[in-house]
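Student: Sharing a structure with you now.
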Amino acid sequence: MKKLQVTLVLLSVILAACGGSKGDPENGKILFEQKTIGSKEAPGCGTCHALEVGEVIVGPSLFNVSSRVELTIKSSAYTGEATSADEFLRESILKPDVFVKEGFLPGIMYPKFGEELTEEQIDDLVAYLKTL
């Protein structure tokens, strides 16, 4: 039993060192699909973002978002501070107007998710978005 505990601790350390996400993608999916999250004022992510390629509800589709993030970070249009997919996705939730995809207007995404969601919920959403 002690060997198993040591192995699990070492595995956790290795995953953290490799940049593994802190959140739970299954919990993030549940949050994403809710009509509202946080308070009754905060719309759920799926209310405005589709998961199908090219489908627009209010905001851009999040289809394959995790693979597009790296290109966005390197683009001259990006003025934020994120250097990884985790940081960019977190920044996009907390400060949605730092980067607004071409063809969309700033000020549309709900700006107070940082006040409405816990750190754990944000981590869960980021972990889920990385699975898309």
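The values are calculated or read from the model by the stated rules, or taken from the named source; none is laboratory data. Note that the structure is a prediction, hence the values are computed from the model and not measured. We place every Cβ from the backbone using ideal geometry, glycine too, and count neighbours over all the protein chains shown. Only protein heavy atoms, including side chains, enter the accessible area calculation; ligands, DNA and RNA are left aside. Shrake-Rupley method; radii C 1.70, N 1.55, O 1.52, S 1.80 Å.
Student: Within a Cβ distance under 12 Å of Phe113, other residues only, what is the Lys/Arg minus Asp/Glu net charge?
Tutor: -2
Student: If each of Lys22 and Ser76 carries a label point 7 Å out from its Cα toward its Cβ, how far apart are those two points in nm?
Tutor: In this crude spin-label approximation the distance works out to 3.5 nm.
Student: Straight-line reach only, C-alpha to C-alpha below 20 angstrom: list the aspartates and glutamates that Lys101 could link to, leaving out same-chain residues fewer than 8 apart.
Tutor: Once the sequence-local aspartates and glutamates are set aside, what remains near Lys101 is Glu52, Glu55, Glu70, Glu81, Asp86, Glu87, Glu91.
Student: Further, regarding this structure: Classify segment 59-109: rounded, prolate or oblate, from the alpha-carbon gyration tensor (a ≥ b ≥ c, eigenvalue square roots; a/c under 1.5 rounded; otherwise prolate if a/b is larger than b/c)?
Tutor: It comes out rounded by the Cα gyration axes.
Student: OK, next. So what does log10 I(q)/I(0) come out to for segment 82-132 at q = 0.13, 0.15, 0.23, 0.25 Å⁻¹, using the Debye formula with one equal point on every Cα and no solvent?
Tutor: Results for segment 82-132 at q = 0.13, 0.15, 0.23, 0.25 Å⁻¹ read -0.30, -0.40, -0.91, -1.03.
Student: Taking 30 Å as R0, compute the FRET efficiency from the Cβ-Cβ separation of Val53 and Lys112 and round it to 0.05.
Tutor: Once the sixth-power term is evaluated, E becomes 0.55.
Student: Phe63 accessible area, nearest 10 Å², 1.4 Å probe?
Tutor: Result for Phe63: roughly 100 Å² accessible.
Student: Accessible area of Ile93, 1.4 Å probe, to the nearest 10 Å²?
Tutor: The value for Ile93 is about 20 Å².
Student: Let me spell out the model: positive unit charges on the Cβ of Lys and Arg, negative unit charges on the Cβ of Asp and Glu, origin at the Cα centre of segment 40-124. What dipole size does that give, in debye rounded to 20?
Tutor: 340 debye
Student: Test of the criteria: in segment 48-103, which GluC sites (Glu not before Pro) are in a DSSP loop and have at most 16 other Cβ atoms within 10 angstrom of their Cβ?
Tutor: When the GluC sites (Glu not before Pro) of segment 48-103 are filtered for loop state and at most 16 Cβ neighbours within 10 Å, Glu52, Glu55, Glu81, Glu102 remain.
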